[in-house]
Each structure stands twice: as structure tokens, then as C-alpha cells.
1. Of the residues Tyr50, Tyr58, which single one is under 18 Å from Gly15 (Cα atoms) and in contact with a Lys or Arg (Cβ under 6 Å, 6 or more places away or on another chain)?
2. Consider the stretch 87-102. How many of its residues are surrounded by fewer than 14 Cβ atoms within 10 Å (Cβ to Cβ), farther than 17 Å from Leu28 by Cα and at pLDDT 95 or above?
3. Can you pull out every residue in the stretch 72-99 that is in a loop (DSSP other than H, G, I, E, B) and among the aromatic types (Phe, Trp, Tyr)?
4. Any chance you could count how many residues in the stretch 1-39 are without any contact (Cβ under 8 Å) to a residue 40 or more places away in the chain, of a type in the set (Val, Ile, Thr) and assigned to a loop (DSSP other than H, G, I, E, B)?
5. Based on what the data block shows, is Glu107 closer than 15 Å to Val6 by Cβ, more than 16 Å from the chain's Cα centre (by Cα) and either charged (D, E, K, R) or exposed (fewer than 11 other Cβ atoms within 10 Å of the Cβ) (or both)?
6. Return the total of residues in the stretch 119-136 being under 12 Å from the mean Cα position of the chain (by Cα) and crowded, with 16+ Cβ neighbours inside 10 Å.
7. Considering each residue of the stretch 117-143, count those that are touching a residue at least 12 places away in the same chain (Cβ under 8 Å) and not in a loop (DSSP other than H, G, I, E, B), and give that number.
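The values are calculated or read from the model by the stated rules, or taken from the named source; none is laboratory data. Just so it is clear, the structure is predicted and the values come from calculations on it, not from any experiment. Methodologically, a virtual Cβ is constructed for each residue, glycine included, from the backbone with ideal geometry; neighbour enumeration extends over all protein chains shown.
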Amino acid sequence: MHIVLVEPEIPQNTGNIVRTCAATGSILHLVRPLGFSTEDRYLKRAGLDYWHLVEIHYHDSFAEVRRKYPEATFYFATTKAARHYTAVRYQPGDFLVFGKETKGLPEDLLKANAEYCIRIPMINEARSLNLSNSVAIVLYEALRQQGFPGLR
């Protein structure tokens, strides 16, 4: 599976996602601009000693990611979607796309991909879940559906 973070802002979240990607064999894509330096001590600490286990790709835009993987299926996590993340049938190699912590994904991107937008259910009063928690929830559902390939 591929995890795409579009302009992540909080180093600890990205570090936690690095650990999740390491534990699942998932590939991480970071779309610039990043809200932190990749040398940030909080980022490094949150990722612990898992960095060598993760394949990380850096991209200058989301459009660049799409160009590099034209045949891939992309799912976009947003609180604005009608479809629950569990209603999707994920396949190996799918891309799970998440936006920045303060604003989520750009509205134009969501509108252009409305049929691929997914959400995690929550009460109306809650604005959103933590980014690293959201990645873990959706990723593990995708892996569960596939029988946890390569995981013990």
C-alpha cells in the first residue's frame, strides 16, 4: 500500500506514520511543502529507529504523484465524503491520500475525485481525528481486506 501525505504540518504525526509504514511494509509519499524539516528532532524521535525500514518518496506536488503512477487507484480521506472507508474494496498498491492537519485536502482535489473520497465516521461535534490515527485506521482496514499480506 502507498500512503500519501499532502503538505503535512506536524513532525510527530509524520514520524508516527513512518512507524506505521515500517510495521506494514507500506510506502510513504510526502508532498511538499512540508511544515517541518526532515531533520526535525521530533520527527526523528517519533519515527524511532524505523527509518531504514521505510521507502519514502518526496514530491513537489500531488500532480507529480499522479503523473508518476498513472494507473494507480487513489482514495482521498476527508470528513466531507459520504462513503465510509470500510465501503471500499482496496487492492494491493492502492494509494491512500491524506491532507494537512489544519485544512485537510484541497477542495478542488476532492471535487475532481469525489467518487474516490472516503471518511472515517465520527460524531458531528468532532472536526477530525489525528492524522496519524486516521492513516492507521484506513491502512489497517485495507490490509485486513487483503488478508494482511506479508504481515504476521
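1. The match here is Tyr50.
2. Looking only at that region, the number is 2.
3. Within the stretch 72-99, just Tyr90 meets the criteria.
4. The qualifying residues number 1.
5. Taking the combined requirement at face value, the residue satisfies it.
6. Number satisfying all stated conditions: 5.
7. 15
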